[in-house]
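The values are calculated or read from the model by the stated rules, or taken from the named source; none is laboratory data. Quick caveat: nothing in here was measured; it's all calculated off a predicted structure. Quick reminder, even Gly has a Cβ in these numbers, built from the backbone with ideal geometry, and neighbours come from all protein chains shown.
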């Protein structure tokens, strides 16, 4: 799924991770109770997955990828992401550069970009 960055937030004219009017690949979606939905996108460096509040973006009606699953975490947080990323500690292992987590991320990202 792709989204368009329509605002950077506050009075900022630039952001180290986002560019106004640029399209971004969404690799997962997170909904927290009583909070703003957050999108995990690939940042401007074209390799780092970052979580960003959804109010920065606009999207046309686009279905979620068929490979994604919905997981409900503690305190009601819902996450939509590839099944192979749904392990509770996946993102911690990924950012700790654990080789299996990095390879799993890279494989799913490759599938997403090929599908586009």
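Just one residue in the set 7, 73 is surrounded by 11 or more Cβ atoms within 10 Å (Cβ to Cβ) and closer than 19 Å to residue 88 by Cβ; that residue is 73.
For (1) touching a strand residue (DSSP E or B) at 6+ places or on another chain (Cβ under 9 Å); (2) over 30 Å from residue 8 (Cβ atoms), each residue gets a yes or a no:
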{"site": "71", "(1), (2)": "yes, no"}
{"site": "83", "(1), (2)": "yes, yes"}
{"site": "96", "(1), (2)": "no, no"}
{"site": "100", "(1), (2)": "no, yes"}
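Here the condition is being assigned to a strand (DSSP E or B) and closer than 21 Å to residue 1 by Cβ; of 46, 30, it holds for 30 alone. Filter the stretch 80-89 for residues that are under 18 Å from residue 112 (Cα atoms) and without any contact (Cβ under 8 Å) to a residue 40 or more places away in the chain and give the result. Residues satisfying the conditions are 83, 84, 86.
Out of the residues in the stretch 90-113 that are surrounded by fewer than 16 Cβ atoms within 10 Å (Cβ to Cβ) and in contact (Cβ under 8 Å) with a residue 12 or more places away in the chain, which is farthest from residue 48 (Cα to Cα)? Ranking the candidates gives 111 first. Here residue 46 qualifies as loosely packed, with under 14 Cβ neighbours inside 10 Å, without any contact (Cβ under 8 Å) to a residue 12 or more places away in the chain and within 13 Å of the chain's Cα centre (by Cα). Within the stretch 50-79, the set of residues being touching a helix residue (DSSP H, G or I) at 6+ places or on another chain (Cβ under 9 Å) and touching a residue at least 60 places away in the same chain (Cβ under 8 Å) comprises just one member, 65. For the stretch 78-107, a tally of residues being farther than 28 Å from residue 19 by Cα, modelled with pLDDT of 90 or more and part of a loop (DSSP other than H, G, I, E, B) returns 3.
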